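Reviewing the structure listed below.
The values are calculated or read from the model by the stated rules, or taken from the named source; none is laboratory data. What you see is a predicted model, and the numbers here were worked out from it, not measured in a lab. Cβ coordinates were reconstructed from backbone atoms using ideal geometry, including for glycine residues, and neighbour counts include every protein chain displayed. Each accessible area value is taken on the protein alone, full model and side chains, heavy atoms only, with ligands, DNA and RNA left out. Shrake-Rupley method; radii C 1.70, N 1.55, O 1.52, S 1.80 Å.
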Amino acid sequence: MASARNEQLRSVPIGTGATGTRVESDSMGPIEVPAAHYWGAQTQRSLIHFSIGEDHMPKAVYHAYGYVKKAAALVNAQSGRLGHELAQAIAAAADEVIAGKLDSEFPLYVWQTGSGTQSNMNVNEVLGNRASQLLGGSLGSKRPVHPNDHVNMGQSSNDSFPTAMHIATLLAIREHTLPRLDELIDSIWSKAAEWVDVVKIGRTHLQDAVPLTVGQEWSGWTTQLRDARGRLEQALESLHELAAGGTAVGTGLNAPEGFGAEIAAKLAELTGLPLKTAPNKFAAQGSLDAMVAVSAGLRGLAVTLMKIANDMRWLASGPRAGLHELKLPANEPGSSIMPGKVNPTQQEAMVMVCLQVLGEDSIVASAGAQGNFELNAMRPVVINNVLHCARILGDASEKLRRYSIEGTELDREAVDEYVGRSLMLVTALSPHIGYDRASAIAHKADDEGSTLREAALALGVSAADFDRIVDPMRMVGDPRRDLGLTQAKRGRTR
């Protein structure tokens, strides 16, 4: 019987079929709203009072809110506080929100009240009208489903909005950012393994240093990304605790005993996320600490990605007047005036994305410090920034992998030439002939433009000793061990 009723609810097409306006009301009185839409009076007032810029509340927040409202309706129905038929209609409408079928009904701007009340009421009104429509009611009548009394039952914007924030952030990072990051890590690691034995010159302070292998260098990037990922994962755990059930100030007023734990359990069931009720709702609602931590995790990832992108830009510089150890894929023309020019565009895009993340994180941190008493009222800008950062970092990681990392090649001639010309190979001589004598050899070679070997022989080092000691491959340690690769016969790849 219930299944048949659910099918009946799902069979009612989306849309009002109306034109012009209708009159809806709230505690401030009546107001005209577009008859073609499901939103009500408070949404319409927000559109008037907060039409600031072009920054709209991310749709992911509303999709997450769909879960919150569905879970609340089902929990309220189980306790007998909400009629089963009303709960099923709200749940059916919430499923449409979750699926993005009602995205056009959420037009509000980021810049609104800091608790997210307007967005909460936007959801309540849309679900109330859509659920009423599913049950044969008239839009704007608040019958049979009332946006506050039924859709918002046992909730406040102060606990439901942070709950939606946590769910939206968890879904965005777990379903978008991390999978693309993992693919990038795998791609960089593949290159590290491929080039594990290719000796190159190291650089510190942007100056020549002792050698390492290309694989060792790229393994460093891989490990940086893995570590950044781990820190982000750890920060995400704090989002598993939900404010739902705290209502206005954390005391749970107007919510039944155990509502927080019950709605968290229902949300965990609906989303597949390990959600649980926050043990202290006063902290959950008075602060944005968990979101600040996640934003910091995204910032840490951006720092690492920027380092890698900039390293690649330097290493690919040229092709004739730069380092040009790396040959990046030529994806598009690089200049409108210089024919044949190709630029490291994916790396440049990544750097800009990372700079954007650093800036947005600074706003999140500042907003997190703006909590006053029982509520931090800076939530909309925080969720907007965090979701934006999660999105662009995921997108940029995918593009960098697909259009640069996977097609990057080595300029072996340049790599080998830099190793052969390096003065810092003299470091290997230092334990045998002393620092001062080794330094004199390096300066002599640099001043005279000779090779290190020629300078060493001129200052009394035997050819046999030089060739035995100054072996770049012996100077890099054991790169296969460093990368955890199986041992194999190592040939000299210079």
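Here are a few things to note about the model shown:
- Translational diffusion coefficient (Stokes-Einstein; Kirkwood radius from C-alpha pairs) of region 342-453 at 20 °C, 1.002 mPa s, in µm²/s: 112 µm²/s
- Debye intensity ratio I(q)/I(0), log10, region 162-249, q values 0.17, 0.25 Å⁻¹ (C-alpha model): -0.79, -1.14
- Across region 255-387, counting alpha-carbon atoms alone, Rg and Dmax equal 22.4, 73 Å.
- Across region 193-199, rounded Karplus estimates of 3J(HN,Hα) from the backbone phi angles (6.51 cos²θ - 1.76 cosθ + 1.60, θ = phi - 60°) give 5, 5, 10, 4, 9, 7, 6 Hz, Gly and Pro being marked x.
- Here region 17-131 has 52 percent of its accessible surface on carbon and sulfur atoms, given a 1.4 Å probe and all protein chains in place.
- Ellipticity at 222 nm from helices only: DSSP H runs of n ≥ 4 in the chain, each -39500 (n - 2.57), divided by the residue count, give -17500 deg cm²/dmol.
- Beyond 21 Å in Cα-Cα separation lie the following of the pairs 70/142; 200/327; 200/341; 69/276; 307/341; 307/399: 200/341; 307/341.
- Principal-axis tilt of helix 117-134 within the chain, Cα atoms, nearest 10 degrees: 60 degrees
- Euclidean distance between Cα centres, region 16-40 to region 110-152, Å: 12 Å
- Whole-number D in µm² s⁻¹ for region 118-201, Kirkwood Cα-pair radius fed into Stokes-Einstein, 37 °C, 0.692 mPa s: 197 µm²/s
- Carbon + sulfur, % of accessible area of region 190-314 - ligands and nucleic acids excluded, 1.4 Å: 53 percent
- On Cα atoms only, tilt of 289-315 relative to the major axis of the chain in degrees: 30 degrees
- Under the combined filter of DSSP loop state and at most 16 neighbouring Cβ atoms within 10 Å, region 24-60 retains these chymotrypsin sites (Phe, Trp or Tyr not before Pro): 50.
- Computed log₁₀ I(q)/I(0) - Debye formula, equal Cα scatterers, no solvent, region 49-152, q 0.11, 0.12 Å⁻¹: -0.31, -0.37
- Linear extension gain, residue 463 paired with residue 287, 0.36 nm per residue minus alpha-carbon span: 56.4 nm
- Reference-scaled alpha-carbon Rg (2.2 N^0.38 Å with N residues) for region 47-98: 1.46
- Rounded accessible area per residue of the chain, 1.4 Å, Å²: 45 Å²
- Taking 7 Å steps out from each Cα toward its Cβ at residue 193 and residue 338 produces label points 3.8 nm apart.
- The structure shown yields Rg and Dmax of the Cα atoms in Å, and of the options (1) 39.0, 153; (2) 27.4, 99; (3) 30.5, 100 that calculated value carries the label (3).
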